[in-house]
Amino acid sequence: MRYALNSTEIVVGLDLGSTKVTAVVGEVDADCIRILGAGTVPCRGLRKGVVSNIEYTVRAIREAVDAAENMAGVQISTVYAGVAGSHVRSHVSDGVCAIAGREVTRADLERVLEGARAIPVDADRMLLHALAREYVVDNQDGIRDPVGMSGVRLQARVNLVTAAASCVQNVIRCVERCELEVAEVVLQPLAAADAVLSEDEKEIGVAVLDIGGGTSDLVLYADGGIAHVSVIPAGGNNITADLAAGLRTPMGEAERLKCNQGCALGRMIGEDEEVEVPGVRGHGSRRVARRLLGDIIEPRVEEIFAEARRRIEELGLLEQMASGCVLTGGAALMEGMVECAEEVLGMPVRLGMPEGIDGMVQLVQAPRFAAAVGLVRYGAQALSDAALRERDRGAPAPAVLRDAPRESARGRGLIDWLRAAF
Ligand SMILES: Nc1ncnc2c1ncn2[C@@H]1O[C@H](COP(=O)(O)OP(=O)(O)OP(=O)(O)O)[C@@H](O)[C@H]1O
Ligand SMILES: [Mg+2]
């Protein structure tokens, strides 16, 4: 990946998950993103990806950012913050504009996307992203990057992603309470998908399922662009709760059993394997067949994969998932997940780790850090796009001071709008 940057920039991704808050510090230059530090702190301030307790969330953000700052040796002032939850919707919209000169410029792209964005949005919702699926120049369709092409009429087909304004506002409020500035609010599932996919997979068509603690986020790429984003309101926490109830063991023990001994496919477990299950208060521990864990976990995991398949089928995109499915998020690590997903989805499945980074990669080399790394990648791309726009206008690329508060055109608009609205 190359970025249109003349100077080195610090970009921080802040992932607010249902089980933990993670801050990742990246140093970006024209060639790569170097990971300098990361901080991750357990957090109970979000339920199913949505802030439900401001105090807990603020405390976790402070701790995660402090830890990341100390490790990276930089002062953090601005973050790319993720937002998630089942309030997120996406719909298709078209924009059309006349091509100003003889060939399409980035300014034309901005205008046509602006047109596609200009649809009425309910007062309690807001637009997060306008994702270009394809462009049409005159009568030629299926164009990914029309810059430099000749023509008179430019059309863009975009996916508009909207979110509940109050949920976005709460994320911004929590971050600002920590005396940090939000450069942009980014849809977490998109960030996670971007971090684990190769360009080839995006090109050919692929599904990404980020199975976190509270939710499982589905992102579909078809025809080289993002075709769908939605949230399945079940994740690893549901598996833990099922185990706690089914085995009559405390939640903490159920979580430990799941992570150490859990398996998503009962028949992968040997007949004679046993596990020690601690009892709830007043009851001693007992040994049970490990198969029993599989019997409890499998239906829940199957339910998540079946729902993903149902959504892909309903959209008519099953055939287009030629690269299959990539599983990421913390719960994707469980034994048998890939095999179970292959059976239910009926396509090849692999485990997705964050990619496209250098430096202290080992800090974030796990599926649960996909979203946080994706947010850094998003920030790097946003700065690069802004620099290109400046260059197009004839000005030199902005040499942003290391870690000075910086403004992102799109993000600022969103945040100003929110300030005015609340
Ligand atoms: N080895 C493992 N086996 C099974 N589950 C695991 C394992 N490691 C982590 N998990 C589960 O992954 C979940 C946390 O994943 P992750 O950190 O991606 O979630 P999150 O980002 O906090 O939540 P969400 O994205 O849903 O808001 C927890 O339910 C945890 O129990
Ligand atoms: Mg997550």
Legend entry - First in region 37-50 and under 18 Å from V373 (Cβ atoms), second anywhere and of a type in the set (D, E, K, R) and more than 14 Å from ligand 2 (Cβ to nearest atom), Cβ under 6 Å, 6 or more apart: V41/E63
Inset, instruction - Output the residues belonging to region 331-357 that are surrounded by 22 or more Cβ atoms within 10 Å (Cβ to Cβ) and either assigned to a helix (DSSP H, G or I) or at pLDDT below 95 (or both). - result: A331, A332, M337, C340, A341
Inset, instruction - Report, by residue number, each residue of region 115-155 that is over 24 Å from the mean Cα position of the chain (by Cα) and within 10 Å of G95 (Cβ to Cβ). - result: G115, A118, I119, Y135, L154, Q155
Legend entry - Residue among V112, V147, V136, V158 that is touching a strand residue (DSSP E or B) at 6+ places or on another chain (Cβ under 7 Å), more than 18 Å from V186 (Cβ to Cβ), of a type in the set (V, I, T) and not in a helix (DSSP H, G or I): V136
Legend entry - Residues (under 28 Å from A380 (Cβ atoms) and assigned to a loop (DSSP other than H, G, I, E, B)) located in region 94-109: V104, T105
Inset, instruction - Please state which of the following conditions A308 fails to meet, knowing it meets all the rest: (1) out of contact with any Cys (no Cβ under 9 Å at 6 or more places or on another chain); (2) not assigned by TED's automatic domain parsing to the domain that holds N260. - result: (1)
Inset, instruction - State all residues of region 14-69 that are within 13 Å of ligand 1 (Cβ to nearest atom) and among the acidic types (D, E); if no residue qualifies, say none. - result: D15
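Which residues, taken from region 317-340, are closer than 8 Å to V206 by Cα and within 16 Å of ligand 1 (Cβ to nearest atom)?
Quick first cut of region 317-340, residues closer than 8 Å to V206 by Cα only: 320-326.
Passing the criteria: only V326.
Does G235 satisfy the criteria of being closer than 30 Å to R287 by Cα and either assigned by TED's automatic domain parsing to the domain that holds C97 or within 16 Å of ligand 1 (Cβ to nearest atom) (or both)? Before you say what the answer is, go through the steps one by one.
Working: closer than 30 Å to R287 by Cα: yes; either assigned by TED's automatic domain parsing to the domain that holds C97 or within 16 Å of ligand 1 (Cβ to nearest atom) (or both): yes.
So G235 fits the description; yes.
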Legend entry - Residue under evaluation T162, criteria (1) buried (at least 18 other Cβ atoms within 10 Å of the Cβ); (2) farther than 22 Å from S18 by Cα, criterion not met: (2)
Inset, instruction - Could you check, for region 267-276, whether at least one of its residues is in contact with a helix residue (DSSP H, G or I) (Cβ under 8 Å, 6 or more places away or on another chain), hydrophobic (A, V, I, L, M, F, W, C) and within 22 Å of S216 (Cβ to Cβ)? - result: yes
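The values are calculated or read from the model by the stated rules, or taken from the named source; none is laboratory data. Fair warning: this is a prediction, and the values are worked out from it, not measured in the lab. Cβ sites come from the backbone with ideal geometry, for glycine too, and all protein chains shown count toward neighbours.
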